[in-house]
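What follows is a short report on a single structure.
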Amino acid sequence: MNTSVNFEPLGPERVLTTLNSVCTSEAFRKSKRMRELLRYLVQESIERPGQPVTAEAIAANVFNRTNGFDAIDDPIVRTTVSRLRAALATHYEQNDCEDEVEIRIPRGGYQPEFLPRSAKRGLLTHWGNLRSNFWILNVASTIVALIALVVALSVGTGSCSP
């Protein structure tokens, strides 16, 4: 698991601007708990780069579960982080998302990653072009197969006539 956070060339200011944008978005507007969790994870990454955030620290600082929190018996951190990952994905899939930075929380940990959005947009555009080319290729292949079938049937029926 990569626990180091490299803000260059992003900078913590751009990350915090994105954090504010995400927290005011439609995907996060209704869930105070997820906003608080996301803010906590991002702040911890900025203030203590390279130090992983534990489930116990999240439980104490975000969910006020201090005395004897056991991550195995109480899945609140895991389930809320899972919902947070889904909400972040929804936020970045929206067409009107203009964030410069993408905040992502990879599976297997609670350490956020910060990725520049411009590079990701280019990759998504390229993938979209490839998908549309596959559609065209499928249609063309279907037409060629139908023509071959018609030719084969017409040649086959002509040779069997008495």
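The values are calculated or read from the model by the stated rules, or taken from the named source; none is laboratory data. Since this is a predicted model, take the numbers as computed values, not measurements. Note: areas computed on protein heavy atoms with side chains; ligands, DNA, RNA excluded. Shrake-Rupley method; radii C 1.70, N 1.55, O 1.52, S 1.80 Å.
Using 0.36 nm times the number of residues separating Asn20 and Glu47, minus their current alpha carbon distance, what extension gain do you get? List each step's numbers first, then the result.
Details: separation 27, 0.36 × 27 = 9.72 nm, distance 1.68 nm.
Computed gain between Asn20 and Glu47 is 8.0 nm.
Given 0.36 nm per residue, what is the gain on full extension from Val144 to Glu13 after removing their alpha carbon distance, in nm? Let's see the in-between values first.
Values: separation 131, 0.36 × 131 = 47.16 nm, distance 5.55 nm.
Roughly 41.6 nm would be gained on extension.
Express in Å², to the nearest 10, the accessible area of Val62 obtained by rolling a 1.4 Å probe over the protein heavy atoms while all chains stay in place.
Around 20 Å² of this residue is reachable by solvent.
Ignoring ligands, DNA and RNA, how do Asp74, Asp99 rank by accessible area with a 1.4 Å probe, largest first?
Largest accessible area first, the residues go Asp74, Asp99.
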